[in-house]
1. What residue, of B:91, B:19, B:24, is of a type in the set (Gly, Ala, Ser) and away from chain A (no Cβ under 12 Å)?
2. I need every pair where a residue in the range B:62-80 that is within 11 Å of another protein chain (Cβ to nearest Cβ) has its Cβ under 9 Å from the Cβ of a residue that is of a type in the set (A, V, I, L, M) and part of a loop (DSSP other than H, G, I, E, B), sequence separation at least 6 or different chains.
3. What tally of residues in the range A:74-91 results from selecting those that are more than 18 Å from residue B:26 (Cβ to Cβ) and buried (at least 17 other Cβ atoms within 10 Å of the Cβ)?
4. Could you count how many residues in the range A:136-180 are of a type outside the set (Gly, Ala, Ser), over 19 Å from the mean Cα position of the chain (by Cα) and either at positive phi or modelled with pLDDT under 90 (or both)?
5. Could you tell me which numbered condition residue A:65 fails, if it satisfies all but one of (1) in contact with a Phe, Trp or Tyr (Cβ under 6 Å, 6 or more places away or on another chain); (2) buried (at least 22 other Cβ atoms within 10 Å of the Cβ); (3) among the hydrophobic types (A, V, I, L, M, F, W, C)?
6. For the range B:36-61, give me the residue count where each residue is small (Gly, Ala, Ser) and more than 10 Å from chain A (Cβ to nearest Cβ).
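The values are calculated or read from the model by the stated rules, or taken from the named source; none is laboratory data. What you see is a predicted model, and the numbers here were worked out from it, not measured in a lab. Here the Cβ positions follow ideal geometry from the backbone for every residue, glycine too, while neighbour counts run over all protein chains shown.
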Amino acid sequence: MTTLDEVKRRAESDAKTYGYHLNPDPAFLKDLLEGLKSNEERYGYPSCPCRLASGKFEFDRDIICPCDYRDPDAMEFGACYCGLYVRKDVYESKTSLSPVPERRPMEKQARAYSMADVAEEKPSEPIASAKKPSDVKLKLWYCKQCGYVVFREDPPYICPICKAKREFFAELQMRLDMFS
Amino acid sequence: MNVVKVVGKNNKHKVFMYALSTCAWCKMTKRFLKDNNVEFEYVDVDLVVGKDKEKVKQEILDKGGSLSYPTIVVDDNILINGFRKDKIKEALEL
């Protein structure tokens, strides 16, 4: 079982790598780390404590901490959605955080609510968005600025390597003749 | 669905909160309401099972809310999204 200390160490190490700080409020930070620990125990991965997870890895991939939304949220609001990671200037100013608006697309949020019904779903029901984890289509995306390649449903908001924006990502089309 | 009622002296408004058991903002909101002796009910949506989850989702959306937590409904008509202390204070006359 993951201990609270391990969850904290992991978060600290990630914060250091990407130039963030952890939430300066000790009680707030403890709540967040405990939430991550609970999620890791019940789902098998540390999904965002402040978002509803489906329990299906493919559906929750974008909200596994550090989530896909952290970098754009930290850039715009000074902290990630749950408040675990904060930007240096916000950390140093000691001002209290305001809630960060949800950036995750509604169709991805909605998946967590319909998961319970998948087993008893009638085939005639219209499918609004991906209902089964196998409906999630993964693609290869590459950063036109630095060449970073990622195999995910959507391209990153910000390139983790060179910080280029999402617009710099294009789908990588693979052809067999590329290897000949 | 397991709705938890927290009793408090300050009960002139009906307060209902949609929360997550793991969410730090939700915990902070619960603490704030308790500290102010506010009577309120809440449901931890992550602990709701089966089809009730979809029902909760529809309930929140019907009230004009979004699926982020906490979502606080005061007197069935004022909706507060997130732990916005000033808005909560105003709606509850604290």
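1. Values: B:19 fails: away from chain A (no Cβ under 12 Å); B:24 fails: away from chain A (no Cβ under 12 Å).
Answer to the selection: B:91.
2. From residues that are within 11 Å of another protein chain (Cβ to nearest Cβ), the pairs are B:67/A:52; B:69/A:52; B:69/B:20; B:70/B:20.
3. If we filter the range A:74-91 for residues that are more than 18 Å from residue B:26 (Cβ to Cβ), which is where we start, we get A:74-78, A:85-91.
Imposing the further condition that a residue be buried (at least 17 other Cβ atoms within 10 Å of the Cβ) reduces the set to A:74, A:77-78, A:85-87, A:90-91.
Of the residues in the range A:74-91, 8 are more than 18 Å from residue B:26 (Cβ to Cβ) and buried (at least 17 other Cβ atoms within 10 Å of the Cβ).
4. Quick first cut of the range A:136-180, residues of a type outside the set (Gly, Ala, Ser) only: A:136-146, A:148-163, A:165-169, A:171-179.
So of that shortlist, the ones also over 19 Å from the mean Cα position of the chain (by Cα) come out as A:144-146, A:168, A:171-179.
Checking the rest, the ones that are also either at positive phi or modelled with pLDDT under 90 (or both) come to A:173-179.
The number of residues fulfilling the criteria is 7.
5. Answer for residue A:65: the failing condition is (1).
6. Within the range B:36-61, the subset small (Gly, Ala, Ser) is B:50.
Subset that is more than 10 Å from chain A (Cβ to nearest Cβ): none.
Residues flagged as small (Gly, Ala, Ser) and more than 10 Å from chain A (Cβ to nearest Cβ) within the range B:36-61 amount to 0.
For (1) within 15 Å of the chain's Cα centre (by Cα); (2) assigned by TED's automatic domain parsing to the domain that holds residue A:8; (3) not in a loop (DSSP other than H, G, I, E, B), each residue gets a yes or a no:
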| residue | (1), (2), (3) |
| --- | --- |
| A:59 | yes, yes, yes |
| A:62 | yes, yes, yes |
| A:68 | yes, yes, no |
| A:71 | yes, yes, yes |
| A:76 | no, yes, yes |
| A:83 | yes, yes, no |
| A:89 | no, yes, yes |
| A:100 | yes, yes, no |
| A:108 | yes, yes, yes |
